[in-house]
Amino acid sequence: MKTQYEGKITLTEYLAPSGELLHPLPDTAPDRETLLRYYEKMVLARQFDNKAIALQRTGQLGTYASLAGSEAIDVVTALQMTQSDVLVPYYRNHIMQHLRGMDLADVLLYWGGDERGNSAEAQHQDLPNCVPIATQCLHACGVATAIKYREEARAVVTVLGDGATSKGDFLEALNVAGIWQLPVVFIINNNQWAISVPRALQTIAPTLAQKALGAGIRGEQVDGNDVFAMHERVSQALERARSGKGPTVIEAVSYRLSDHTTADDATRYRSPDALKTGWEREPIKRLQTYLHQQGAWDAEQEQALQNTVADAIQQAVDRYLATPAQPVASMFEHLYADMPRSLRQQRDIAVAREEETS
């Protein structure tokens with residue numbers, strides 16, 4: 001049965017930037033143990049981000065897309081998913097991939113230019129990174145179609161940036177998701193920037209979530225820096241998907257605290273005041289302050305966590321740097337079912353030259 005959504009766009013928020021509660025928490029709010037887990041993984045995400053950028057700056061990693069500012073979106077969503085759900089990521093979802101089983105060394109391997117990091121066995125049925133903008137939305141609908149056809153109680157989650165909502169791929173995906181009532185959750189990381197294009201120049205629409213209404217499906221806004229709001233809305237969207245009640249679009253409002261990638265220089269188009277405001281609203285400090293106020297966190301615990309996380313990341317870096325390079329012949333593999341003669345000739349030449357220099 002198709003159920004067209006005719007509601008309005010709502011904004012869910014509970015935790016102010018100051019760490020104070022704006023409203024009483026619902027009964028379904030995460031408990032202290034869950035909040036601490038969210039916080040620990042958000043700290044891991046931030047430290048990993050900093051380390052990856054340092055590796056890129058020293059020539060040990062390729063171009064890297066930072067996730068700074070979107071830690072609450074990715075961590076809460078990943079930890080609300082079950083192992084049987086499917087993640088269809090874009091290029092900024094490193095911590096989601098890790099929380100769903102990928103070794104951080106494999107994440108680094110991919111950004112280091114080794115495609116083995118994009119096909120790790122630990123991904124299971126999750127799809128690999130998608131760099132083309134918004135195409136992953138249609139891929140997610142394809143996966144969701146298979147799940148619906150098999151009558152499985154599973155959800156597909158796909159993540160995209162605000163810039164992706166201006167692409168036809170996104171709108172086509174919404175249309176088919178609504179028509180077929182697919183078990184897919186679209187998470188828009190509205191970090192206010194599509195490379196150098198600000199949100200205000202993307203669309204005149206008051207929200208990005210309302211684009212869902214044209215497809216007859218549920219659309220809503222969430223404070224993407226608020227773990228309570230993310231927990232509530234993502235868990236409900238996933239449950240709707242798994243129980244056959246159709247798709248959801250969640251616009252998670254955040255702010256990109258970094259350059260678009262390490263190949264970008266955001267100081268050329270973004271004002272220092274805007275960035276300062278973004279840091280004042282960021283998710284990690286917000287949750288940390290709340291935990292302090294609740295007596296659930298202190299400076300000693302913080303230092304211990306920082307040390308533990310730093311050690312884990314360094315071990316991943318060591319594994320990444322110690323990974324032997326693939327033989328040159330590997331670049332010719334998996335291109336054709338039957339390799340054409342011209343490519344075989346190129347492969348043979350490359351292999352011969354590799355042997356000469358080894």
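Residues considered: Asp265, Asp27, Asp338. Largest GNM mean-square fluctuation over the chain, using C-alpha springs under 10 Å, is found at Asp338. Comparing Leu61, Leu22, Leu275 in a Gaussian network model of the chain, where Cα atoms under 10 Å apart are tied by springs, the biggest mean-square fluctuation is seen for Leu22. Taking the chain as the region of interest, the number of lysine pairs whose Cα atoms are within less than 29 Å, with members eight or more places apart or on different chains, is 20.
Specify whether the C-alpha gyration tensor of segment 147-208 places it in the rounded, prolate or oblate class, a ≥ b ≥ c being the square roots of the eigenvalues: rounded for a/c under 1.5, otherwise prolate if a/b is larger than b/c and oblate if not.
prolate
A full extension of the chain between Gln303 and Val351 corresponds to an added length of 12.3 nm, given 0.36 nm per residue minus the alpha carbon distance. Taking the centroid of alpha carbons for each part, segment 31-45 and segment 80-146 are 21 Å apart.
Does segment 197-336 classify as rounded, prolate or oblate by the C-alpha gyration tensor (a ≥ b ≥ c root eigenvalues; a/c under 1.5 gives rounded; else a/b over b/c gives prolate, otherwise oblate)? It is rounded, given that a/c, with a ≥ b ≥ c, falls under 1.5.
Normalised by 2.2 N^0.38 Å, where N is the number of residues, the alpha-carbon radius of gyration of the chain equals 1.04. Helical runs assigned H by DSSP (4 residues or longer) give the chain a calculated mean residue ellipticity at 222 nm of -14000 deg cm²/dmol, each run adding -39500 (n - 2.57) before division by the residue total.
Every Cα-Cα pair in segment 256-350 was counted, and those over 24 Å apart are 63% of them.
Between the amide H of Val222 and those of Thr12, Glu251, Ala252, Val253, distances stay under 5 Å, these residues lying 5 or more places away or on another chain, with hydrogens modeled in the peptide plane. Each Lys and Arg Cβ is given +1 and each Asp and Glu Cβ -1; about its Cα centre, segment 182-294 then shows a dipole of about 240 debye. In this calculation the C-beta distance from Ala274 to Ser235 is compared with R0 = 30 Å, giving a FRET efficiency of 0.40.
Viscosity 1.567 mPa s, temperature 4 °C: give me the Stokes-Einstein translational D for segment 1-53 in µm²/s, with Rh taken as the Kirkwood radius over C-alpha pairs. In µm²/s, the coefficient rounds to 88.
Helix 32-57 against the longest principal axis of the chain: what's the angle in degrees, Cα atoms only, rounded to the nearest 10? Approximately 40 degrees, to the nearest ten.
Suppose every K and R has +1 on its Cβ and every D and E has -1 on its Cβ; what is the size of the dipole of segment 89-242 about the Cα centre, in Debye to the nearest 20?
Numbers: 13 positive and 16 negative charges, 84 e Å.
In debye, rounded to 20, segment 89-242 gives about 400.
Which shape class, rounded, prolate or oblate, goes with segment 91-197 when its Cα gyration tensor gives a ≥ b ≥ c as root eigenvalues, a/c under 1.5 marks rounded, and past that a/b bigger than b/c marks prolate? Here segment 91-197 falls in the oblate category. Rolling a 1.4 Å probe across all protein chains gives Thr34 an accessible area of roughly 40 Å². Of the residues Ala68, Gly295, Ala200, the one whose Cα sits farthest towards the positive end of the charge dipole of the chain is Ala200 (charges of +1 on Lys and Arg Cβ, -1 on Asp and Glu Cβ, taken about the Cα centre). With the other protein chains left in place, how much accessible area per residue, in square angstrom, belongs to segment 166-312 at a 1.4 angstrom probe? Per residue, segment 166-312 has an accessible area of 42 Å². If you fit an axis through the alpha-carbon atoms of helix 135-149 and take the longest principal axis of the Cα set of the chain, what angle between them do you get, 0 to 90°, nearest 10? Taking Cα atoms only, the helix is inclined about 80 degrees. Computed on segment 101-188, with alpha-carbon pairs under 8 angstrom and 6+ residues apart, the relative contact order is 27 percent. Springs between Cα atoms under 10 Å define the GNM used for the chain, and in it the highest mean-square fluctuation of Val176, Val76, Val43 occurs at Val176.
Charge dipole of segment 215-358 (Cα centre as origin; +1 on each Lys and Arg Cβ, -1 on each Asp and Glu Cβ, all else neutral): 620 debye, rounded to the nearest 20.
Dipole of the chain computed with +1 at Lys/Arg Cβ and -1 at Asp/Glu Cβ about the Cα centre; of Ala322, His260, Ala134, farthest Cα towards the positive end is Ala134. These residues, Thr63, Thr262, go from largest to smallest accessible area, 1.4 Å probe, as Thr63, Thr262. Sorting Phe186, Phe332 by solvent-accessible area of protein heavy atoms yields Phe332, Phe186, largest first, with a 1.4 Å probe.
The values are calculated or read from the model by the stated rules, or taken from the named source; none is laboratory data. If you're wondering where the values come from, they're calculated on a predicted model, not measured in any experiment. All Cβ positions, glycine included, derive from the backbone under ideal geometry; neighbour counts span all protein chains shown. The accessibility values were calculated without ligands, DNA or RNA, using every heavy atom of the protein model including side chains. Shrake-Rupley method; radii C 1.70, N 1.55, O 1.52, S 1.80 Å.
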